[in-house]
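This report refers to the structure that appears directly beneath it.
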Amino acid sequence: MVTIALDAMGGDHFPKAEVEGAFQAVKAFDVKVILVGREEAIRKELDRHAGWQSLPLEIKHASEQITMEDSAGKAVRSKKDSSIRVASRLVREGAAQGLVSAGNTGAVMATAKMVQGMLPGVDRPALASAFPTSSGKPAVMIDVGANVDCTPKMLAQFAVMGNAYSRVIFRTPKPRVGLLSIGEEEHKGNALTHEAYPLLKTLTHLNFIGNVEGRDVYTGIVDVIVCDGFVGNVALKVSEGLADVIRQLLKQSLEASITRQVGAYLAQGAFNEFKKRVDYSEYGGAPLLGLNGICVICHGRSTAKAIRNAIRIAKEFAEGKINERIATELDGWASAQAG
């Protein structure tokens with residue numbers, strides 16, 4: 001049974017959302033969850049769920065908590081018994097195969113990198129996020145915020161990581177990998193994309209289809225979109241904001257124009273399906289790829305449903321041996337370049 005360490009003190013609604021999400025996850029999936037944080041607070045919330053003692057749930061006490069207001073660097077150095085740090089240590093020591101946290105993103109990234117270490121051949125870890133597409137199968141964008149300044153070599157590493165993500169989680173046999181730029185032609189883009197393009201072409205085991213534009217992110221013509229963290233984070237935040245606006249506008253239009261009960265019922269079903277396809281909680285969180293261990297970072301406002309799905313993603317990553325795949329493919333690429 002895969003074991004996941006869950007930072008129970010990280011999100012906006014801690015520990016209620018974390019405990020509820022863990023409770024749902026262990027009932028739905030073949031997984032064990034270690035809830036990390038202040039034991040008294042976690043146990044009080046767990047006691048609201050009858051029969052939790054018979055489930056694969058465990059509490060690991062951590063006396064400190066890193067808040068959203070804390071400076072990530074300072075908190076990582078000073079709060080050595082924080083829930084994030086204790087959970088990350090469980091992964092390093094092999095007591096858990098993955099870490100899930102809805103806490104301070106900067107602190108989670110810094111702690112996981114410091115405590116768990118990096119995979120051989122990886123310069124920097126990268127955040128990957130799933131984007132809904134019109135084809136029905138999500139596309140993976142990497143990086144969406146871990147590294148605002150990147151080298152061409154880092155983008156090539158991101159391509160390998162994103163390719164593994166798409167294969168393991170979305171069961172894509174041969175993901176189409178594209179480099180995000182301002183035009184499809186090879187000469188379009190900035191200095192970074194110009195230098196990264198030929199490097200991506202050397203990754204012969206990948207299905208690299210060349211440059212893709214921003215409009216291609218949602219069409220489903222590409223499965224993995226590679227970019228630096230600055231561009232990726234802007235794309236992610238714009239997408240989240242646009243989805244919220246569309247939901248509100250669609251809801252207002254439906255309420256204003258539909259009067260008959262049957263029509264309202266049918267429209268509500270379509271609206272609920274739309275909400276599901278653009279709901280971040282369906283994907284749980286963004287995995288931080290490239291670590292010597294698994295780490296999934298959730299929104300601070302994550303609901304129990306988002307926590308549950310983040311645990312599922314972490315479990316599937318562990319079962320799919322995603323880190324072993326990334327390390328093997330990067331090693332093969334390095335050997336080919338050296339030869």
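The values are calculated or read from the model by the stated rules, or taken from the named source; none is laboratory data. Only a predicted model underlies this, so the values are computations on that prediction, with no experimental measurement involved. In this analysis, Cβ positions are derived from the backbone assuming ideal geometry, glycine residues included, and neighbour counts consider all displayed protein chains.
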Answer residue from the range 194-217, given it is in contact (Cβ under 8 Å) with a residue 40 or more places away in the chain and of a type in the set (A, V, I, L, M) and is farthest from Arg325 (Cα to Cα) among those | Val217
Which one of these is hydrophobic (A, V, I, L, M, F, W, C), touching a residue at least 60 places away in the same chain (Cβ under 8 Å) and in contact with an Asp or Glu (Cβ under 6 Å, 6 or more places away or on another chain): Ala96, Ala102, Ala130, Ala126?
-> Ala126
Within the range 105-145, track down each residue that is of a type in the set (A, V, I, L, M) and outside any helix (DSSP H, G or I).
-> Met118, Leu119, Val122, Ala126, Leu127, Ala128, Ala130, Ala139, Val140, Met141, Ile142, Val144
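Quick grid of which residues meet (1) surrounded by 12 or more Cβ atoms within 10 Å (Cβ to Cβ); (2) at pLDDT 60 or above; (3) of a type in the set (A, V, I, L, M, F, W, C); (4) over 20 Å from Ser166 (Cα atoms):
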position	(1), (2), (3), (4)
Val224	yes, yes, yes, no
Ala235	yes, yes, yes, no
Asn272	no, no, no, yes
Tyr280	yes, no, no, no
Tyr283	yes, yes, no, no
Could you tell me which residue of the range 140-163 is nearest to Asp223 (Cα to Cα), considering only residues that are small (Gly, Ala, Ser) and at pLDDT 95 or above?
-> Gly162
Within the range 7-15, identify whether any single residue is aromatic (Phe, Trp, Tyr) and either touching an Asp or Glu at 6+ places or on another chain (Cβ under 9 Å) or under 19 Å from Ile297 (Cβ atoms) (or both), and answer yes or no.
-> yes
Return a yes/no flag: does the range 31-53 have any residue that is under 26 Å from Val148 (Cβ atoms) and in the same structural domain as Val19 (by TED's automatic domain parsing).
-> no
Would you say Gly183 is surrounded by fewer than 18 Cβ atoms within 10 Å (Cβ to Cβ), touching a Leu at 6+ places or on another chain (Cβ under 7 Å) and in a loop (DSSP other than H, G, I, E, B)?
-> no
Residue match in the range 322-330 (condition: in the same structural domain as Thr3 (by TED's automatic domain parsing), small (Gly, Ala, Ser), over 23 Å from Val2 (Cβ atoms) and at pLDDT 80 or above) | no
Test set (1) over 24 Å from His187 (Cα atoms); (2) among the hydrophobic types (A, V, I, L, M, F, W, C); (3) under 20 Å from the mean Cα position of the chain (by Cα) - Leu249 fails condition number | (3)
The condition of being in contact with a Leu (Cβ under 9 Å, 6 or more places away or on another chain) and at positive phi holds, among Gly214, Gly220, Gly210, Gly162, only for Gly210
Find the strands (runs of 3 or more DSSP E) located wholly in the range 1-104 whose residues include 3 or more that are more than 19 Å from the chain's Cα centre (by Cα), at pLDDT 95 or above and surrounded by 15 or more Cβ atoms within 10 Å (Cβ to Cβ), and list them.
-> 31-37, 57-61
Residue that is of a type outside the set (A, V, I, L, M, F, W, C), in contact with a Pro (Cβ under 7 Å, 6 or more places away or on another chain) and over 25 Å from Lys74 (Cα atoms), where the choices are Pro132, Pro120 = Pro132
Yes/no for Arg171 being surrounded by fewer than 21 Cβ atoms within 10 Å (Cβ to Cβ), basic (Lys, Arg) and part of a loop (DSSP other than H, G, I, E, B) | yes
Yes or no: Gly220 part of a loop (DSSP other than H, G, I, E, B) and either out of contact with any helix residue (DSSP H, G or I) (no Cβ under 9 Å at 6 or more places or on another chain) or more than 23 Å from Gly320 (Cβ to Cβ) (or both)?
-> yes
Which of (1) surrounded by 24 or more Cβ atoms within 10 Å (Cβ to Cβ); (2) out of contact with any Ser or Thr (no Cβ under 6 Å at 6 or more places or on another chain); (3) more than 19 Å from Trp333 (Cα to Cα) is the odd one out, the single condition Tyr165 does not satisfy?
-> (3)
Subset tally (residues that are surrounded by fewer than 24 Cβ atoms within 10 Å (Cβ to Cβ) and part of a loop (DSSP other than H, G, I, E, B)) for the range 146-162 = 4
Tell me, please, whether a residue that is closer than 26 Å to Gly136 by Cβ, surrounded by 20 or more Cβ atoms within 10 Å (Cβ to Cβ) and either acidic (Asp, Glu) or not assigned by TED's automatic domain parsing to the domain that holds Phe317 (or both) can be found in the range 192-199.
-> no
